[in-house]
Amino acid sequence: MIKISPLFLSIAILFATVPATAFAQPEIGSRIDRSREGMTGFHDPMVQQSARAGINAIGRCKAENNRFRALKTLDHKYLSTEQAKSLNYIYKKVDYDDPCYIAKNIRFGFSTAPAVGSFSEFFLLRKYGEDDIASLASLTNLEWQQDMMKPRNAEELFGLCVVQSGREKIYALINTVPDTEAEGEAISAIMPLLGPCIRDGAEIAFDKTSLRAMLAFGLYRAVRQHAEMLEAAE
């Protein structure tokens with residue numbers, strides 16, 4: 001979340017897990033396996049006992065099996081009401097044959113940020129790739145300021161700023177599993193880039209989940225908009 005304060009500027013990285021309201025542990029498990037190309041297959045739902053990793057894996061699976069709706073979700077402004085409604089359409093029903101779950105009596109809820117972050121990660125890794133990330137380096141300051149690239153709220157503004165200076169580091173982050181040593185190292189590498197992206201008078205507080213989601217969405221949107229910019233120029 002982003003809070004505006006006229007008194008001081010500070011960053012608080014709160015290394016916490018997702019609130020309990022976002023994830024209730026399933027009794028049996030889910031069909032998640034990051035090692036497979038499709039990322040769907042039987043695996044421990046908690047992924048090394050991490051609720052964050054489980055949510056992230058299920059979100060990627062949902063994006064894979066609802067590609068059209070997931071892409072539409074990512075078109076909406078970050079954390080907007082419209083985006084939450086689009087997510088609800090995907091998450092509201094758990095079918096017995098849902099490829100993202102194997103438990104019949106699974107209990108699962110979602111929060112907008114981690115779900116959007118997971119969707120962004122899926123498409124960055126499956127629809128786009130390293131070359132698309134690297135191509136952002138060719139953008140001029142004027143191109144970054146074009147209407148189609150402009151952020152639509154404070155969260156998008158912050159995310160886009162970090163993307164401009166740390167796109168490779170964000171890509172490295174989304175290639176890690178949440179709550180692993182690798183993720184911690186990736187976040188540490190990004191930390192020095194956060195301060196310059198906070199405007200005077202702003203106080204930003206986020207945990208690992210919201211930071212990862214915000215940056216993943218920012219990188220996805222930059223890559224997506226850049227691709228559309230190139231298509232329009234042809």
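Descriptive notes on the structure:
- Along the range 123-140 the Karplus relation, 6.51 cos²θ - 1.76 cosθ + 1.60 evaluated at θ = phi - 60°, assigns HN-Hα couplings of 6, 5, 8, 10, 8, 10, x, 4, 5, 5, 5, 5, 5, 5, 5, 7, 5, 8 Hz to successive residues, with x for each Gly and Pro.
- Residues with amide H under 5 Å from that of Asp207, placed H, sequence gap 5 or more: Leu14
The numbers here are math on the coordinates, done by the rules we state, and not lab data. Since the structure is predicted, the reported quantities are computational estimates derived from the model, not experimental observations.
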